[in-house]
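The values are calculated or read from the model by the stated rules, or taken from the named source; none is laboratory data. Everything numeric here is computed off the predicted structure, so don't read it as measured data. Using ideal geometry, Cβ is built from the backbone for each residue, glycine included, and neighbour counts are taken over all protein chains shown. Accessible surface is based on the protein model in full, side chains and every heavy atom, while ligands, DNA and RNA are left aside. Shrake-Rupley method; radii C 1.70, N 1.55, O 1.52, S 1.80 Å.
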Amino acid sequence: MGYRIIHDKLSADDYIKLFSSAGWGEPDRGLVEKSLKNSYVTFSVTDGDKVIGMARLIGDGGMAFFLKDLIVAPEYQGKGVGRELMCHIEDYIRGELEEGWECRFQLISAKDKEEFYRKCGYTAHPHEHSGPGFTKLIRKEK
């Protein structure tokens, strides 16, 4: 891969641009800035000076990590960028663990992206060791 992966340099502008490119709308800038600041680590995939992919990792640094917002710009999809980013994130997590430790690395797939994660070796929930994943959107009204 001719791209670079950089830690903790993801800007709100790049986040919003990629988030919007996925068809998920445009999140509030303040919300993005707080989320980036409080992430365990952020990952930016660059092609020269252009950010073409991103992901956020949240977690406790030991037993649990959760992948948020893995997005590759549409024009770079299908070129191995997402797979390389996933491998990089898994290696990053291994580097955070002490010898003999193991953790749960979890994610919720975007609709119609499940096959990508299966190809990366992830098991869909539910399976024999756990129940289904759940989400609930919690909103504070203005």
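Scanning the range 14-71 for residues that are out of contact with any Lys or Arg (no Cβ under 6 Å at 6 or more places or on another chain) and acidic (Asp, Glu) yields 14, 26, 28, 33, 47, 49, 60. Scanning the range 62-75 for residues being open to solvent by 70 Å² or more (accessible area, probe 1.4 Å) and assigned to a loop (DSSP other than H, G, I, E, B) gives a total of 1.
Per-residue answers, yes or no, for (1) under 24 Å from residue 8 (Cα atoms); (2) at pLDDT 90 or above; (3) out of contact with any helix residue (DSSP H, G or I) (no Cβ under 9 Å at 6 or more places or on another chain):
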site: 49; (1), (2), (3): yes, yes, yes
site: 82; (1), (2), (3): yes, yes, no
site: 112; (1), (2), (3): no, no, yes
site: 129; (1), (2), (3): no, no, yes
site: 133; (1), (2), (3): no, no, yes
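Within the range 76-135, the set of residues being touching a Leu at 6+ places or on another chain (Cβ under 8 Å) and either in a helix (DSSP H, G or I) or open to solvent by less than 70 Å² (accessible area, probe 1.4 Å) (or both) comprises 82, 85, 86, 89, 92, 93, 103, 105, 107, 117, 122. Note on the range 39-50: residues that are in contact (Cβ under 8 Å) with a residue 12 or more places away in the chain and open to solvent by 20 Å² or more (accessible area, probe 1.4 Å) amount to 2.
Residue 43 fulfils the conditions (1) part of a helix (DSSP H, G or I); (2) within 29 Å of residue 130 (Cβ to Cβ) except for a single criterion, (1).
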